[in-house]
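Participant: Quick one: the structure is below, questions incoming.
The values are calculated or read from the model by the stated rules, or taken from the named source; none is laboratory data. This structure is a prediction, so every number in the text was calculated from the model and none was measured. Cβ: placed from backbone, ideal geometry, glycine included. Neighbour counts: every protein chain shown.
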Amino acid sequence: MIELIPRAHLFGNPLRTAYRISRDGTRLAWLAPVEGVLNLWVGPAGDPASGAPVTATAASATTNGPMTGATCSTCRTRTATRTTDPLAYAVDRARSPVHVADRIRVPLLIAQGANDPRVRQAESDQMVAALVAKRIPVTYLLFPDEGHGFARPENSLAFHARAEAFLGRHLGGRVEPIHRHEAEGRAMRILRDDPPA
């Protein structure tokens, strides 16, 4: 039997990721951990080893990559205009999964960062409640020290371990056992874990 690739090799803490090069080709930007949390680093393209972190994120923030400023301001603008612009409200409502929860027919895995500025925990709570009311199996993971995405590598590894177990339980197939250090993450809480229907 072929051995599984260890989860840590696929989803473990990268030394550097999400490289971007400046338009003039003289500088590189990348994400790398500082005390276990991904931060933005910048360095000369010819000597990345002399780069240094330019952010000091100690807790989870938005970590979609080095170019998140425009995305964040767009989200703040959309949130600010949602209540005053009927079209924006209608679009947001039409895209909101909670309004189509009755059409979901398969088990769902929801992972929520408690400090997420875009998807508030109350929205995930509402989605879980809608699924429970429809008797759809749901696994709900809460990461109290995360925001939108996983900044802490140990939480990312814990999420992927739980996601693999979820897929194995509902789709079948081999899964790597959840190791003790993956079971907890840094502070992951399993708020709900329904068995298959």
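Participant: Among the candidates 187, 151, 197, single out the residue that is of a type in the set (Gly, Ala, Ser), in a loop (DSSP other than H, G, I, E, B), modelled with pLDDT under 85 and farther than 21 Å from residue 128 by Cβ.
Facilitator: 151
Participant: So, one more: What about residue 84, is it modelled with pLDDT under 80, within 30 Å of residue 128 (Cα to Cα), within 25 Å of the chain's Cα centre (by Cα) and in the same structural domain as residue 124 (by TED's automatic domain parsing)?
Facilitator: In short, no.
Participant: Please give the number of the condition residue 134 fails out of (1) touching a residue at least 60 places away in the same chain (Cβ under 8 Å); (2) over 17 Å from the mean Cα position of the chain (by Cα).
Facilitator: (1)
Participant: If you don't mind, there's one more thing I want to ask. So which residues in region 1-24 are modelled with pLDDT under 80 and assigned to a loop (DSSP other than H, G, I, E, B), if there are any at all?
Facilitator: 1, 2, 4, 5, 6, 12, 13, 14, 15, 16
Participant: Could you give every pair whose Cβ atoms fall below 7 Å, whose first residue belongs to region 114-130 and is part of a loop (DSSP other than H, G, I, E, B), and whose second residue is surrounded by 15 or more Cβ atoms within 10 Å (Cβ to Cβ) and of a type in the set (Ser, Thr, Tyr), counting only separations of at least 6 or pairs across chains?
Facilitator: These pairs meet every condition: 115/60.
Participant: Here are the criteria: (1) at pLDDT below 70; (2) in contact with a Leu (Cβ under 7 Å, 6 or more places away or on another chain). Tell me which single one residue 75 does not satisfy.
Facilitator: Of everything listed in (1) at pLDDT below 70; (2) in contact with a Leu (Cβ under 7 Å, 6 or more places away or on another chain), residue 75 misses just condition (2).
Participant: Looking at region 36-47, I want the residues that are in a loop (DSSP other than H, G, I, E, B) and have a partner that is not basic (Lys, Arg) with Cβ atoms under 7 Å, at least 6 apart or on another chain. Which pairs are those?
Facilitator: 36/153; 45/21; 45/25; 45/26; 45/28
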